[in-house]
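Laboratory data are not the source of any read-out in this text; all were calculated from the coordinates shown. Because the structure is predicted, anything quoted here is derived from the model rather than measured. Ideal geometry is used to build each Cβ from the backbone, glycine not excepted, and the neighbour counts take in all protein chains shown.
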Amino acid sequence: MTDVIEGPAHVYGDNVDTDVIIPARYLTTIDPAELAAHCLEDLDPDFVKRCRFGDVIVAGRNFGSGSSREHAPIAIKASGIACIVAESFARIFYRNAINVGLPIVECEGITDGAESGQVFRVDLAAGVVENVARGRSHAATPLPSFMKEILDAGGLMPWVKRSLDAGGEVSVGVSADEPVQADWRLD
Amino acid sequence: MPGQTITEKILARASGNEVVRPGDLIMAKVDLAMGNDVTAPVAIARYRELGIENVWDPAKVALVPSHFSPAKDIASAKLGMTMREFAYEQGIEHYFELGRGGIEHILLPEQALALPGHVIIGADSHSCTYGALGAFSTGVGSTDLAAVLATGKIWLRVPESVRFVYEGVPNPWVIGKDLILSVIGLVGDEGCSYQAMEHTGPALGHLSMDSRFTLTNMAIEAGAKSGIVVPDQITLDYVKQRQELHRRFTDYYVYDSDPDAEYAATHTVDVSALEPQVSLPSLPSKSQPVSTAERVKVDQVFIGSCTNAKMEDLRIAAHILRGRKADPRVRLMVIPATQEIWKQANREGLLDVFAEAGATVSTPTCGPCLGGHMGVLGPDEVCVSTSNRNYVGRMGDKTAKVYLVNPAVAAATAVLGRLSHPDEIGVEAPRLNTVGELV
Ligand code: SF4
C-alpha cells in the first residue's frame, strides 16, 4: 500500500448509507466489476462515468451507515477510488473497508470548503489530509498499528493467512509499547 | 476500581480476561457466527482464499437464506446454492432451508441458538438484535465472518456503554418500536456510534421479548455496535421455553451490570409520555408522534421484517384488521418473520384475518424491507412500513418515500389509506402480556 495518495475528490454530504452506495437490486452478484458499474448511482448517477483510477471520496458524517453489505466498499474500491476521507464513518463500513484493503481515513473538518474536483493529498503514515486547492491541512484520526498491518497486507484475509501459515495465533497484537488508546473509536 | 457493564463482562469472559475496559482491543471467542444469502457467498469466497478445509466449529455456524429467498431470479438462486452447498460440505447443521427458517434475527433466538451471555457475530447489520437476550451481538461484513469461520475469533474494541432507563407504563398502542424510534430521534443516526446501547429500567418489565427484540434490532440505526437488555425473568422464561421446544440445551451465562459500572451517558425515557411514533423519510432519526405527523396518502403498507413481524406484532395488526378491509387503493402485505411464526399465526386464525382484509400473506423473507423482491416500490410511491430503514432507495426507487411505524399504526393506515393513529379506527387498544399475547 502506498502511504501517500493524491487525487481529485468526489465530495458528498452526511449519511451516505450503503443502500445508496450499492442498492439491494445489485446484490445478486459478488463480482467487483459488476458492482462498480452501479456504485453510488442513486446518489450521483454520473459517478461511474466521472470516476478515474486514483480518485478519492471526501464525505461528511456517518459515511457507510446502514447495511453491513461488504459489496459497498468492494464497489467503491473496484471503481478505482484510492481512499475515502470522511468526517466520520459507520463502524461496520469502517471494518469492511480495512478488511478489503481500501484505505479509509477519519478526518474532522475535512468537508469545510471541499468541492468536487479539488485535489486532496492523504498521507496515511503521517495521518494528515491536505486539501491542496485550499492549501489546508487536517490531522486525521490515527490508525492503530495492527489496522495498518491489515491494510499493508492487502486486507484481513491475507493478514489472517499470514498468521495461520506462521502457525501462530491470530491476534490483534496489542503490545505493551503501544498502549491501547481508549479514545480510539473506530470499531 | 469501578464495576463493569454486562457488555464488558461478556467480552471479558470471551477474551479470557478478568476485566476489560472500554477502548481495550481484544480477541474474543465467538459462540455463534451467522451469515445470510447475501453476505455468506462473499464470506465463503474469502474463506476459500485461506486454503483451510474445515470451519472452526460447524455447530456454531448458522446459515440462513432470507434476503432473496425464495430465489427471485437465477442470480439469487446461485447465491442460495453457494450457501447450501457450503453448509452440506462443512456439515453445518444449522442451515435453514426454505419452509423451515425465516429471517435470521428472529429465527436464531426462536431456535435457542442465540443465548444470553454469548458473543454472536453476524454478517448482517441487524445482528445486534440478539442483544435482547443479554448477549453481546454485533453485525460485521463478509470478510470478518470469513475470518471467524476460519478461527472462531474476532478482534473487537470494547465499546463504551450508553444507558437508556425506561420509566413508567407504556400507553395503549405503544410497543418496543415506539421506544426505539423515539430514542433514535433523541440521540440521532450516529448518536451511539461504536457504543453499546444498554436498555434498562422498570418499564422493561412491561415489554415482552418480542418488543425487546425490536429495541435491540434498531441499535444500528443509532450507529451503535450493539444493543443489550440485562436478562430478567421474562428473558429466562423465554429461553427455557425455546430450549425445551427445540431440545437444544447449550450452556449460557446470565450477567448483570454492576451498580457502579461506568456509562458514557445515561438517558431517561418516560414511556408514559410516549405515543406511537413515525419516522419520516429518509432517516430513522426523523421520528415524531404519529398524531402530529401529516396524514400522507399511502400506496403500500408493509407489515414484516426482522423488526416487527413477530407474534405480538401480528396479533396487534390483526386486532385492528379483524372485520375490516384495507383501503382499495392500498396494497397491504404481511410477511411473518419465520415459519414458526407463520404456523402459529395460522393456528390463531390471524392469516385469515389478513387475507379477508385484502392483504397478501407471504412466506417468510426479508423481501420488500430491502427492496429485494415481493413488493418493490416504484417512483414516488409512499410506503408505511414496520421495518427499520427508510433510506433513499431502500425499498425500491430512489424517489419512493418510506415511513417507519409500529404494526398498529401500519394496520390503521392500511384501513384508512393514509398515515393514521390506531385510535382513529375506533377499536380499543389491546392489553399485552409479557409473552406478547393480547389479554
Ligand atoms: S428484514 Fe430487512 S433489516 Fe431485517 S435482516 Fe432482512 S433485510 Fe435486513
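A simple spin-label model places the labels of residue B:260 and residue A:139 3.4 nm from each other, with each point 7 Å out along Cα-to-Cβ. Neighbour counts of C-beta atoms inside 10 Å place B:209, B:34 in the sequence B:209, B:34, starting with the fewest.
Cβ crowding within 10 Å, taken as a proxy for footprinting-reagent exposure, orders B:138, B:360 from fewest neighbours to most as B:360, B:138.
Output the DSSP H helices from chain B with an along-axis C-alpha extent of no less than 18 Å and a mean Kyte-Doolittle hydropathy no less than -0.5.
Values: long enough: B:74-90 (24 Å, -0.11); B:233-246 (20 Å, -1.06).
For chain B, where a helix must reach 18 Å along its axis and average at least -0.5, the hits are B:74-90.
In the Gaussian network model of chain A, springs joining C-alpha atoms below 10 Å, which of A:163, A:67, A:79 carries the largest mean-square fluctuation? Between A:163, A:67, A:79, it is A:163 that shows the largest mean-square fluctuation. Note on chain B: Rg/Rh from C-alpha atoms, Kirkwood Rh, equals 0.95. In a solvent-free Debye calculation with one equal scatterer on each Cα, what is log10 I(q)/I(0) for segment B:313-439 at q = 0.17 Å⁻¹, listed in the order of the q values? Debye curve over Cα of segment B:313-439, log10 I(q)/I(0) at q = 0.17 Å⁻¹: -0.88.
Listed by chain and number, the lysines whose C-alpha is less than 27 Å from the C-alpha of residue B:29, apart from same-chain residues fewer than 8 away, are A:148, A:161, B:9, B:60, B:153, B:225, B:240.
Each distinct pair of alpha carbons in segment B:15-87 adds a 1/r term; the inverse of their mean, the Kirkwood radius, is 14.3 Å.
Fewest first, what order do A:94, B:88 take by the number of other Cβ atoms within 10 Å? Please report the intermediate quantities before stating the final value.
On the way: A:94 25, B:88 10.
Listed from fewest to most nearby Cβ atoms, that is B:88, A:94.
Annotation: amide H of residue A:59 within the under-5 Å range of A:12, A:85, A:86, A:87, sequence separation 5 or more or interchain, hydrogens built in the peptide plane.
Using the rule -39500 (n - 2.57) for each DSSP H run of four or more residues, divided by the residues of the protein assembly as shown, the 222 nm mean residue ellipticity is -8000 deg cm²/dmol.
Dipole check for chain A: with +1 at the C-beta of Lys and Arg, -1 at the C-beta of Asp and Glu, and the Cα centre as origin, the magnitude is about 240 Debye. Fraction of C-alpha pairs exceeding 36 angstrom in the protein assembly as shown: 32 percent, rounded to a whole number. Rounded to whole numbers, the Karplus 3J(HN,Hα) couplings from phi for segment A:128-143 are 10, 10, 10, 7, 5, 4, 9, x, 10, 9, 10, 7, 9, 5, x, 7 Hz, using 6.51 cos²θ - 1.76 cosθ + 1.60 with θ = phi - 60°, and x at Gly and Pro.
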